[in-house]
Amino acid sequence: MMTNKVVHILAKAFNDFGITAVRFNYRGVGGSAGRYDEGAGETDDALAVMDWAVRRWPGVRLWLGGFSFGGGVAIRAASARRIEGLVTVAPAIREAGVPAGDALRMPWLLIQGDQDELVDARDVQEWAAGLPFPPQIALLPGVGHFFHGRLAELRSVVLDWLKAGLDSSPPEAAG
């Protein structure tokens, strides 16, 4: 849900680095039309928003970010479009139907709490380690799924990663 505090922090981190963030609800969430489609339709939703952003801001360099189910959907969408980078937070890879072995070749940060009660940290780490081009993983000790009391740390991890890899040319992007 686009009003979730983790989604807000992720969007704020992108904004703080000069990347335009577009938050949206998937089909059937909040007041949006449609119904849950096990990741396939939600990926179509993400691709439609990406296409809209390209029309809205011609020449934009797209970034994707996502939390939980949205993180899994962001991985699926990243496989279907050219993007500059990806940030996923506690990606629900099983629930979003993320195919095993996706070969994403872009900067990718995967943030996961080791005490996540909804997305198994060990499962996500094992899945990521099996990828041809694994993401950089930031495993945060003592952090649960919703990052209670740790949102500032989450924001810092994202900003530090963006600064470390992208200081040479600030992006003009939407994601």
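At a glance:
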| item | result |
| --- | --- |
| Student exercise, the chain dipole from Lys, Arg, Asp, Glu Cβ charges, in Debye to nearest 20 | 540 debye |
| Burial ranking of peptide ranges 143-150, 10-17 (average Cβ count within 10 Å, highest at the top) | 10-17, 143-150 |
| For residue 85, distant residues with modelled amide H under 5 Å away | 64 |
| Value of D in µm² per second that Stokes-Einstein yields for the chain, Kirkwood Rh from Cα pairs, at 10 °C (1.306 mPa s) | 99 µm²/s |
| Charge sum, other residues only, whose C-beta stays under 13 Å from residue 12's C-beta, Lys/Arg counted +1 and Asp/Glu -1 | +2 |
| Carbon/sulfur fraction of accessible area - the chain, other protein chains in place, 1.4 Å, % | 51 percent |
| Accessible area of segment 17-175 divided out per residue, in Å², using a probe of 1.4 angstrom | 48 Å² |
| Over the chain: helical MRE at 222 nm, DSSP H runs n ≥ 4 each giving -39500 (n - 2.57), nearest 500 | -11500 deg cm²/dmol |
| Amide H within-cut-off set for residue 138, under 5 Å, with H built and near neighbours excluded | 110, 111, 112 |
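The values are calculated or read from the model by the stated rules, or taken from the named source; none is laboratory data. These numbers were taken from a predicted model, which means no experiment stands behind them. Ideal geometry is used to build each Cβ from the backbone, glycine not excepted, and the neighbour counts take in all protein chains shown. Protein only, heavy atoms only, side chains kept; ligands, DNA and RNA dropped before computing areas. Shrake-Rupley method; radii C 1.70, N 1.55, O 1.52, S 1.80 Å.
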